[in-house]
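Novice: Right, I'll just put the structure down here and ask away after.
The numbers here are math on the coordinates, done by the rules we state, and not lab data. Because the structure is predicted, anything quoted here is derived from the model rather than measured.
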Amino acid sequence: MAKGRGNAIGGWAFLIGVVLAVILGLGFGQDFAWVLVVIGLIIGFLNIADEEASQFLMSGTVLVVVSALGGEVLSELAYVGGILPALVTLFVPATIVVAVRHVFSLAKH
């Protein structure tokens, strides 16, 4: 994780984002999905250090692919089916930010 103040903010954003994703995924307040997008952006900018980018991108990609291909299976389960799309709503913006930062980092070298 990134060092300094950004680490604290990013760490809290990650924790709050996952908890909110679970709450929203259980069906409590779907109108607030934009909050997950904003928190995802904060996570991408402040919580993932350059050294962690590759691991985060791999994990984020797996999450998105599994959600797309396996989400239908979980949607059959009451309440649980909404958690995975909510987590994807959180992780997609973070993954995009980290991917763009990583590309710029690679271009510098």
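Novice: Across the stretch 75-109, what is the total count of residues that are under 15 Å from LEU26 (Cα atoms) and among the small types (Gly, Ala, Ser)?
Specialist: Looking only at that region, the number is 5.
Novice: Of all the residues that make up the stretch 44-71, how many are farther than 17 Å from LEU106 by Cα, polar (S, T, N, Q) and over 12 Å from the mean Cα position of the chain (by Cα)?
Specialist: Counting residues in the stretch 44-71 that are farther than 17 Å from LEU106 by Cα, polar (S, T, N, Q) and over 12 Å from the mean Cα position of the chain (by Cα) gives 1.
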